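Enquirer: Sharing a structure, written as structure tokens. Questions coming.
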Amino acid sequence: MPQQKPVDDWEDVDDWQDVSTPAPNTPAVQPVEEPEPSGFFSRAWHAVSDPLTDAPSRFARSIGDYIDQPSLATSPTGEGGIGDYLRERAAMVKGFGAGAMQGVGDLVSGFTSPLNIATTLATGGASTAAKAGLPQIARGLSLGSKALAAPVILHGAGNVLSPESTLAERGQGLVEMAGGGAAALHTPSAKPVTAGTVAAETAAKEVKGTTVPKAVTEAGDIVDKFAEYRKVPVGTKYTVKPENMTRRKMADAIKLGFEYEGLNDDGRIMLKKTKPSPDVKMPETPEMEASAWAEAANLPRTLMASMDMSAPLRQGLGLIHKKAFWTSLPDMVKAWGSEEAYRGIMDSITDDPIFKKTVNARGEIQPSFAEKSGLQLTDLRNMTRREESIMSQWAEQVPGVRRSNRAYTAFLNKLRADTFKQMTNDFGSYSGMDVKNNLALSKSIADFVNTASGRGSLGAAEPAAKVLSSLLFSPRLIASRLGMMAKGGQAVFSPETYMVSNPSVRREYLKSLFAIAATAGTFTQLMRMAGASVETDPASSDFGKPKIGNTRIDPYGGFQQYIVAAQRMMPEMDLSPIGLGEIGGKMKSTTTDKEYNLGDSGFGRSNRADVLFRFLRSKTNPIINFGWGLLAGKKELSGKQMQLGYNPDQGMVENLFQNSMAQRFLPMLSQDIYDLINDEETPAPAKGLAAFLASLGMGSQTYGNER
């Protein structure tokens with residue numbers, strides 16, 4: 001969707017100076033000794049939370065001092081021009097590097113505190129005991145880790161909320177909250193190993209002296225185990241309880257090449273495979289083209305979402321804490337490079353047993369385990385199975401669009417498939433449950449994976465998915481963001497996830513939200529250290545976004561807009577007693593810094609209805625958005641007049657990127673880069689960083705003030 005420029009403003013970045021290295025002939029600044037803690041509880045807290053050694057801090061500080069030493073290359077000359085500009089930028093980079101190095105040193109030192117060491121040992125020991133089949137020890141260590149995590153979370157929250165905390169202390173506080181939260185949520189379960197389990201597995205492998213696949217126990221399960229029975233060699237024998245062999249199952253066994261050999265001395269039916277099972281070729285995913293109307297409706301959206309690799313930091317941000325997120329990145333690049341690599345990645349997924357379709361004895365195609373669970377995997381061959389923002393095949397006639405669509409699809413499919421497989425395996429190992437025979441649990445896991453990767457369920461509106469896709473830019477992404485915050489993967493706006501869903505899956509939702517908050521918080525703190533300003537008022541659409549010059553960067557993967565909208569729509573509340581001030585029913589301009597009460601009446605004043613309609617318009621399909629603008633007095637969402645014709649006073653490029661109709665067909669990344677190039681307030685390094693992050697899905701907006 002074209003970048004709708006909200007009405008916003010920015011505050012000048014305060015100048016700062018690194019005093020870690022004294023200037024020549026200037027006495028060194030003497031460190032201020034911290035007062036000794038008074039009181040028993042204060043002394044006890046420092047005893048368990050203070051680092052055992054500050055060697056990492058001192059080492060990092062010495063490196064930081066070396067990095068930030070003044071030099072001729074970075075010393076100001078007063079000459080002006082590009083030379084001074086480059087020197088200022090170099091000094092900023094050196095200052096950022098020195099600060100970051102010192103922050104890392106303090107963080108490493110913090111991990112050596114007795115409390116952090118004990119928490120780490122308890123958490124790791126619980127997992128080790130669980131895998132070793134020691135449930136009581138695992139539970140004891142898990143409870144211990146939860147108890148130890150509580151003061152870590154409280155201390156971290158205190159550092160973050162305290163107005164006297166430094167940036168380094170706030171950053172360390174965020175890490176303590178995330179680490180403590182992970183320890184509190186981590187609850188491994190041990191899988192008991194008993195003699196009965198071993199005996200059952202041994203019996204499953206041996207029937208009448210013939211070795212059979214581990215998964216095969218009874219030939220009476222012939223329909224359910226058809227894939228395994230097709231593979232067993234000719235001559236394999238089975239015995240089955242008569243009550244487990246119906247006429248239908250016997251007919252299926254005969255179709256698979258088995259013959260009835262009578263009853264044995266125990267009264268069990270004897271079967272023997274006398275000929276190979278018939279070869280059945282699985283049908284390939286059918287090519288399905290969309291109607292001309294559907295192609296035309298989806299063409300602008302597909303073009304706008306192309307020419308980048310935005311899936312990781314947009315749809316995939318909710319799984320950034322999973323190993324699969326990082327291992328899927330190389331596959332995304334490979335898929336961008338060639339069609340053959342893309343097909344190879346897709347085939348590697350569908351060849352896995354839990355993603356592979358099968359054919360039963362009656363020749364009926366059976367869905368894979370992942371499909372039965374509801375995992376959403378997409379493909380470019382079939383219009384109905386494409387990712388919702390790239391549904392036009394016409395757009396792929398434009399050079400570069402097919403490449404970005406391949407990268408987008410391959411990354412999300414690999415991420416979802418690997419995460420689903422890893423979670424089903426881990427849940428089975430820790431809980432001792434057979435997840436593949438627990439469809440309710442596997443569906444909960446699949447719902448989480450879908451939701452966390454930007455493909456949320458539309459619930460009761462699922463039959464109207466095509467209609468919603470024609471009206472909205474990305475309805476499933478909207479559902480996923482709302483789902484992460486409020487639903488349980490079953491029905492939109494239901495609090496089921498955090499109340500009655502499977503505890504293990506509920507923890508995964510919470511871990512995902514913690515991961516998003518920790519990633520965004522760390523990025524924001526680093527940007528602050530580099531000189532960016534950050535809006536702290538949730539009434540502003542710049543809330544939480546680092547801002548350098550006229551450029552804002554959004555690290556929240558689409559969640560921030562819902563928080564701001566909720567604050568504006570909710571009733572006014574005074575939360576000053578708990579330190580949050582007055583919230584609700586307010587809107588702050590980002591270009592004038594003026595704050596408006598949305599409950600005030602008066603001509604020309606915005607109210608909650610205006611806010612709701614602007615929010616809804618920002619989520620619409622490009623064609624609907626354009627039509628809405630025409631009906632709204634030919635005005636864009638930002639309030640600017642729509643440019644529909646050719647302006648002879650502008651060049652060809654300016655006409656292209658400023659024309660309201662052309663904007664609905666230009667890639668969003670190209671529009672972001674155009675705004676960055678033409679902005680004179682944003683420093684060059686910040687422009688490069690914003691363009692790079694935008695290509696990976698971290699949104700940026702560039703526009704000036706109206707003071």
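Enquirer: Step through the residues of the range 398-412 one at a time and calculate ³J(HN,Hα) from phi using the Karplus curve (6.51 cos²θ - 1.76 cosθ + 1.60, θ = phi - 60°), rounding each to whole Hz and writing x for Gly and Pro.
Expert: Calculated HN-Hα couplings, in order: 7, x, x, 5, 4, 4, 5, 5, 4, 4, 4, 5, 4, 4, 5 Hz.
Enquirer: For all pairs of alpha-carbon atoms in the range 581-633, what percent lies in each bin of width 10 Å, listed from the first bin to the last filled one?
Expert: The calculated distribution, bin by bin, is 20, 43, 31, 6, 0.
Enquirer: Moving on to the next point. Fewest to most neighbouring Cβ within 10 Å: what's the order for LEU482, LEU676?
Expert: Sorted ascending by nearby Cβ count, the order is LEU482, LEU676.
Enquirer: Continuing with this model, one more query. Once Rh is set to the Kirkwood radius over Cα pairs, what Stokes-Einstein translational diffusion coefficient, in µm²/s, holds for the range 554-707 at a temperature of 20 °C and a viscosity of 1.002 mPa s?
Expert: For the chosen part, D equals 119 µm²/s.
Enquirer: Show the residues, 5+ positions off or on another chain, whose built amide H is closer than 5 Å to the amide H of LYS545.
Expert: Hits under the 5 Å cutoff: GLU535.
Enquirer: Please arrange THR350, THR274, THR682 by how many other C-beta atoms lie within 10 Å of their C-beta, fewest to most.
Expert: Fewest-to-most ranking of THR350, THR274, THR682: THR274, THR350, THR682.
Enquirer: Based only on other Cβ atoms within 10 Å, what is the fewest-to-most ordering of THR592, THR702?
Expert: THR592, THR702
Enquirer: If the viscosity is 1.306 mPa s and the temperature 10 °C, what translational diffusion coefficient in µm²/s does Stokes-Einstein give for the range 292-499 when Rh comes from Kirkwood over Cα pairs?
Expert: 90 µm²/s
Enquirer: Between GLU572 and LYS275, 0.36 nm times their residue separation minus their Cα-Cα distance comes to what?
Expert: Result: 99.2 nm gained on full extension.
Enquirer: Note the full-extension length gain between ILE624 and SER348 as 0.36 nm times their separation in residues minus their Cα-Cα distance, in nm to one decimal.
Expert: Full extension of this stretch gives 95.5 nm more.
Enquirer: Tell me, what is the FRET efficiency for ASP434 and ARG507 to the nearest 0.05, using R0 = 22 angstrom and their Cβ-Cβ distance as r?
Expert: 0.60
Enquirer: Moving on to the next point. Fully extended, how many nm does the chain gain between ARG58 and LYS255 (0.36 nm per residue separation, minus their Cα-Cα distance)?
Expert: 63.4 nm
Enquirer: Which links in LYS421/LYS466; LYS255/LYS436; LYS372/LYS443; LYS466/LYS634 stretch past 18 Å when you go from one Cα to the other?
Expert: Result: LYS421/LYS466; LYS255/LYS436; LYS466/LYS634 exceed 18 Å.
Enquirer: Further question on the same structure: How many nm is it between the label spots at LEU471 and ILE677, if each spot is 7 Å from the Cα in line with the beta carbon?
Expert: For LEU471 paired with ILE677, the spin-label model returns 3.8 nm.
Enquirer: How do 327-340, 296-309, 650-663 rank on mean C-beta neighbours within 10 Å, highest first?
Expert: Highest mean packing first, the order is 296-309, 327-340, 650-663.
Just so you know, all these numbers are worked out from the coordinates, no wet-lab data involved. In this text the structure is predicted, and so the values were computed from the model without any measurement. When we count neighbours, we look across all protein chains shown, and the Cβ atoms used for this are built from the backbone with ideal geometry, even at glycine.
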